[in-house]
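Asker: My questions will all concern the structure given below.
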Amino acid sequence: MKFYDCKSAPSPRRVRIFIAEKGLEIPTAQVDLRNGEHLTERFRELNPWCTVPVLELDDGTTLSEAVAVCRYLEEAHPEPPLMGVDARDRAVVAMWEHRFEIDGFLAVTEAFRNQARGLAGRALTGADGVAQIPELVERGRGRVERFFAALDAQLAHHPFVAGERYTIADITAQVAVDFAGWIKMSLPDECRHAADWYRRVSARPSAAA
């Protein structure tokens, strides 16, 4: 296998944390997003959507999208389980991971990509240029505020996002909280449950991935 990463980007970090939690060592290539390496013909052959992360398997199959890459690694290396242990648990984990990807990670993305000067004409990830819409900055920030509140409410009743165990849902939520720092937003003081959870997940060795 070969993992195509960008150390500074938040999306592949979700996979790096997942890999670290699994205790795996996968050869890695860094993709220079700043200088447009992801838009080159060579990279388009790996991933026509021109995004990272990408996992290239030994048979030449390429997998993009962070959760899809994690799904493959979960099936190939089931211990420790990070996507659930039975039908109910897997569904609950998938629900919370997807919810906080939309409400947290993608909300930050909306605000950040529509305001960053270096992303003019690149408001959406992918192969095609898309103009920034300044009005979406405030909408994204409002969504992030609601994400923080929802995260805190969920963690008032559970030690981890999807229940009693650390899962991919915690990874997505943690990376979303860290990513929010790019738009100068952080967990409000009143989000005590989320703050306690954030300290615990940030102390895990995988958080440094």
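The values are calculated or read from the model by the stated rules, or taken from the named source; none is laboratory data. On a predicted model such as this, the values are computed, not experimentally measured, just so you know. Here the Cβ positions follow ideal geometry from the backbone for every residue, glycine too, while neighbour counts run over all protein chains shown. Areas reflect the complete protein model, heavy atoms only, side chains present, ligands, DNA and RNA absent. Shrake-Rupley method; radii C 1.70, N 1.55, O 1.52, S 1.80 Å.
Asker: Where does the range 63-158 land on Rg(C-alpha)/(2.2 N^0.38 Å)?
Answerer: Ratio of Cα Rg to 2.2 N^0.38 Å: 1.32.
Asker: Over the range 5-62, with the other protein chains present, what is the accessible area per residue in square angstrom, probe 1.4 angstrom?
Answerer: 53
Asker: While we're looking at this one, here's another question. How much accessible surface area, in Å² rounded to 10, belongs to the heavy atoms of ILE102 with a 1.4 Å probe?
Answerer: Its accessible surface works out to 50 Å², give or take rounding.
Asker: Along its three principal axes, how long is the range 151-192 when you only count alpha carbons? Whole Å, largest extent first please.
Answerer: 30, 23, 9
Asker: Just the Kirkwood number for the range 114-209, please: inverse of mean 1/r across all distinct Cα pairs, in Å, one decimal.
Answerer: It works out to 14.8 Å.
Asker: While we're on this one: Please check the chain for the longest run free of GluC sites (Glu not before Pro) that are loop-located per DSSP (anything but H, G, I, E, B) and have at most 14 other Cβ atoms within 10 Å.
Answerer: The answer is 26-163.
Asker: Here's a follow-up. Roughly what % of Cα-Cα distances in the range 7-69 sit above 16 Å, to the whole percent?
Answerer: Roughly 45 percent, once rounded to a whole number.
Asker: Could you work out the helix-only [θ] at 222 nm for the chain, with each DSSP H run of four or more residues adding -39,500 (n - 2.57) and the total divided by the number of residues, to the nearest 500 deg cm²/dmol?
Answerer: Mean residue ellipticity, 222 nm, calculated: -14500 deg cm²/dmol.
Asker: State the percentage of accessible surface on the chain attributable to carbon and sulfur atoms; use a 1.4 Å probe and exclude ligands, DNA and RNA.
Answerer: Carbon with sulfur: 53 percent of the solvent-accessible area.
Asker: Next question. Express the Stokes-Einstein translational diffusion coefficient of the range 1-108 in µm² s⁻¹, to the nearest whole number, given a Kirkwood radius over alpha-carbon pairs, 25 °C and a viscosity of 0.890 mPa s.
Answerer: The Stokes-Einstein estimate is 167 µm²/s.
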